[in-house]
Amino acid sequence: MERLADDDLSRLLLIRCFERKLLDLFGQGVLNGTTHTCLGQEYVPVALRPLLGHDDWVFSNHRGHGHYLARFDDPEGLLAEIMGRKGAVCDGVGGSQHLRRDRYLSTGVQGESLAVAAGVALRLKRREPGRIACVHIGDGTWGEGAVYEALNLIALWRLPVLVVVENNGIAQSTPTTAQLAGTIAARAAAFGILHQRLDTPDISEIRGSAGPLIEGVRHSQPLVLEFVTHRVGPHSKGDDTRTPETLAQVRDWHAEYPDRDQLARLEALAQERVDALAAEVAARPMATWTAA
């Protein structure tokens, strides 16, 4: 078993605890609107966290709580934002999807971030060489024209952009196989942009593979980094259109492939250590919030 640092494991547990807390609050009827949890995908931003510097930009999407919590250890501020409470990241006007903090931006508009990131990356290349713009998108976002307009300029101008694709196999309610012709790798290749596919959730392995490639991005070699992952929760709080059989396969994935789900694997093989760290997470103010 991979030996995760306590900081990495704590961050994984924090994100999963946060997302479960949101679903619990929705179930109580005290949290309104919509939200998109990243249950099952927590390892992606946690793995990338030390590979991105404080002065790098991160552009997130609608399923971005994990991205935010990997960058900022601030579940209280994020929950306050979603709940519209005092102490919120953006004074409660951004909600679950639209956040801005320092060099972190998120939006629920599919494909929008990649075009904005291209502009930011152009400035970084001219004024702050060595800094990069990291953009998180999903497999469904490859159906947006803005993605290709942005990739064209990113490739043409050799902009320092890292495109992180969280390919969870379903675009809201449409399986990727039913809406994406060809492959993401081939689409990146059409622009002459380097592509790397990562099928593993092993954080050390991800960092070993992605680290040198991200250093290349800092030298104006744009990169599409595709993570093959699974979300174990619904698209948005309760609108999962997958069949019971498909959901059972997703939730039991770690039983069939025990090296896949980081937390399930660690909970099975290092329960005492996981329990101790989980208790620390549960003691944070965020974990005890209610409607009061």
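Only one of the numbered conditions (1) open to solvent by 70 Å² or more (accessible area, probe 1.4 Å); (2) at pLDDT below 95; (3) of a type outside the set (Asp, Glu) is violated by THR200, and that is (1). Restricting to the range 41-61, and then to whatever is within 16 Å of LEU105 (Cα to Cα) and buried (at least 21 other Cβ atoms within 10 Å of the Cβ), can you tell me which residue is nearest to the chain's Cα centre (by Cα)? Within the range 41-61, the match that is nearest to the chain's Cα centre (by Cα) is PRO45. Suppose the filter is touching a Phe, Trp or Tyr at 6+ places or on another chain (Cβ under 9 Å) and open to solvent by less than 50 Å² (accessible area, probe 1.4 Å); does THR141 pass it? For THR141, the condition - touching a Phe, Trp or Tyr at 6+ places or on another chain (Cβ under 9 Å) and open to solvent by less than 50 Å² (accessible area, probe 1.4 Å) - is not met. If the condition is being open to solvent by 70 Å² or more (accessible area, probe 1.4 Å), free of Cβ contacts under 8 Å to residues at least 60 places away in the same chain and not hydrophobic (A, V, I, L, M, F, W, C), then the range 86-128 contributes LYS86, ASP91, HIS98, ARG100, ARG101, ASP102, GLU112, ARG123, ARG126, ARG127. Screening the range 114-153 for residues that are modelled with pLDDT of 95 or more and either in a strand (DSSP E or B) or of a type in the set (Ser, Thr, Tyr) (or both) and picking the one that is nearest to the chain's Cα centre (by Cα) gives HIS136. For the condition surrounded by fewer than 18 Cβ atoms within 10 Å (Cβ to Cβ), more than 17 Å from the chain's Cα centre (by Cα), among the acidic types (Asp, Glu) and over 28 Å from ARG218 (Cα atoms), ASP6 qualifies. Scanning the range 154-186 for residues that are over 20 Å from the mean Cα position of the chain (by Cα), open to solvent by less than 60 Å² (accessible area, probe 1.4 Å) and modelled with pLDDT of 95 or more yields ILE154, ALA155, LEU159, ALA186.
Taken over the range 210-225, the residue count meeting the criterion of being over 18 Å from the mean Cα position of the chain (by Cα) and either of a type in the set (Lys, Arg) or outside any loop (DSSP other than H, G, I, E, B) (or both) is 6.
Consider the range 77-105. How many of its residues are among the small types (Gly, Ala, Ser) and part of a helix (DSSP H, G or I)? Total satisfying the criteria: 2.
The values are calculated or read from the model by the stated rules, or taken from the named source; none is laboratory data. These numbers come from a predicted model, not from an experiment. Cβ: placed from backbone, ideal geometry, glycine included. Neighbour counts: every protein chain shown. Calculation scope for accessible area: heavy atoms of the full protein, side chains included, ligands and nucleic acids excluded. Shrake-Rupley method; radii C 1.70, N 1.55, O 1.52, S 1.80 Å.
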